[in-house]
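A.B. asks: Have a look at this one.
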Amino acid sequence: MTDCGCNKAMEELEEFLHNELSAEQCADIREHLANCDHCSAEHLVGITLTTKVKEACQEKAPDQLRDMIVGSLAQLEKS
Ligand SMILES: [Zn+2]
């Protein structure tokens, strides 16, 4: 068994979540996630965030979402 290790798994998690990895790379990450509690927890968080963002984009009109983001950025700049 060749485990790609936590560092590589974490580096490639983002791409993995967005299906931007080759089949071979995906298999490596998948295998690591199956064996590593830490990385599989990170993966779960990543999936949840990705799904929430997608849901938010679908539920809300893009304009509304943009205003919300612009609004919260403006608040950050003020503080
Ligand atoms: Zn790991």
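A.B. asks: Which GluC sites (Glu not before Pro) does segment 1-53 hold that lie in a coil by DSSP with at most 14 other beta carbons within 10 Å?
C.D. replies: Values: sites: 11, 12, 14, 15, 20, 24, 31, 42; in loops: 20.
Loop-located and lightly packed - 20.
A.B. asks: Can you give the direction-averaged projected area of the convex hull of the alpha-carbon atoms in the chain, in nm²?
C.D. replies: If I average the Cα hull's projected area over directions, I get 7.0 nm².
A.B. asks: Filter the trypsin sites (Lys or Arg not before Pro) in the chain down to the DSSP loop ones having no more than 13 other Cβ atoms within 10 Å, then list what survives. The partial results should precede the final answer.
C.D. replies: Working: sites: 8, 30, 52, 54, 60, 66, 78; in loops: 60.
The qualifying sites are 60.
A.B. asks: Positive end of the charge dipole of the chain (Lys, Arg +1 and Asp, Glu -1 on Cβ, about the Cα centre): tell me which of 69, 47, 17 has its Cα farthest that way.
C.D. replies: Checked the options; the winner is 69.
A.B. asks: Here is a further query. About the Cα centre of segment 6-78, how large is the charge dipole given +1 on each Lys and Arg Cβ and -1 on each Asp and Glu Cβ? Please answer in debye to the nearest 20. Don't jump to the answer; show the numbers that get you there.
C.D. replies: Working: 7 positive and 15 negative charges, 73 e Å.
The dipole of segment 6-78 has a size of about 360 debye.
A.B. asks: Continuing with the same structure: So how strong a dipole does segment 1-47 carry about its Cα centre when Lys and Arg Cβ are +1 and Asp and Glu Cβ are -1, to the nearest 20 debye?
C.D. replies: Using only the charged Cβ atoms, the result is roughly 120 debye.
A.B. asks: Return the distance in nm (one decimal) between the two label points of a simple spin-label model at residue 27 and residue 73, each offset 7 Å from Cα along Cα→Cβ.
C.D. replies: With each label placed 7 Å out from Cα toward Cβ, I get 4.2 nm.
Readers should treat all values here as calculations from the given coordinates under stated rules, not as data from a laboratory. Treat the numbers as computed from the prediction; the structure is a model and nothing was measured. Note that we place each Cβ from the backbone using ideal geometry, even for glycine, and neighbour counts take in every protein chain shown.
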